[in-house]
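As structure tokens, the structure follows; a few thoughts come after it.
Just so it is clear, none of the values below were taken in a lab; they were calculated from the coordinates. Given the structure is predicted, the values throughout are model-derived calculations rather than measurements. Note that we place each Cβ from the backbone using ideal geometry, even for glycine, and neighbour counts take in every protein chain shown.
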Amino acid sequence: MKDKSEKAVAMMAGGWNCAQSVLGVFCTDLRFDRGTAMKLAAGFGSGMARKQEVCGAVSGGIMVIGLKHGPAHEGDKEAKELVYRLARELMERFAAKFGSCQCRELLAGCDLASEAGQKKYREENMAEKVCRPCVAEAVRILEDILSRP
């Protein structure tokens with residue numbers, strides 16, 4: 001049986017984006033419809049629509065934290081602060097491992113918005129070298145964060 005990080009990497013290898021892959025492996029635990037999750041996270045891949053902003057693995061992770069701990073009612077400041085604290089922890093731990101949470105920095109010199117950049121991404125196997133390790137690590141960090149009471 002594969003662990004969640006391996007399942008997330010397999011999802012990405014199968015064509016899902018980084019955000020979908022991270023969110024997708026937590027759907028059963030969070031009792032969240034997987035089809036809805038895939039639609040929700042669809043625009044967050046490649047740092048949000050190939051704009052290379054916040055890494056999609058991190059964005060997907062923040063969605064997971066929100067689904068687990070987010071406020072369901074207006075004015076729930078305690079839940080809001082918990083989500084912010086846990087999201088910051090995810091981002092800090094991810095950046096400590098990879099040097100950044102920004103897709104453009106993680107994929108230095110590769111502009112995913114251009115055909116040339118997408119070609120470079122494929123030719124240099126950046127999915128395997130950069131993105132899949134980011135997805136796996138985001139899932140591992142989330143598992144640690146979510147395992148705490």
With 0.36 nm assigned to each residue of separation and the Cα-Cα distance removed, ARG34 to GLU105 gains 22.6 nm
A chain fully extended from TYR84 to ALA13 at 0.36 nm per residue, minus the present Cα-Cα distance, gains in nm 22.5 nm
Treating only Lys and Arg (+1) and Asp and Glu (-1) as charged, each at its beta carbon, one finds that the stretch 4-147 has a dipole about its Cα centre, in Debye to the nearest 20, of 220
Fewest-first ordering of SER114, SER46 by Cβ atoms within 10 Å yields SER114, SER46
In deg cm²/dmol, rounded to the nearest 500, the helical mean residue ellipticity at 222 nm of the chain, built from -39500 (n - 2.57) for every DSSP H run of length 4 or more, is -19000 deg cm²/dmol
GluC sites (Glu not before Pro) in the stretch 69-136 lying in a DSSP loop, each with at most 13 other Cβ atoms within 10 Å of its Cβ, come to GLU74
Rounded to the nearest Å, the spacing of the alpha-carbon centers of the stretch 1-21 and the stretch 39-55 is 16
Per the 1/(1 + (r/R0)^6) rule, R0 = 35 Å and r from the Cβ atoms of LYS97 and ALA72, FRET efficiency to 0.05 is 0.65
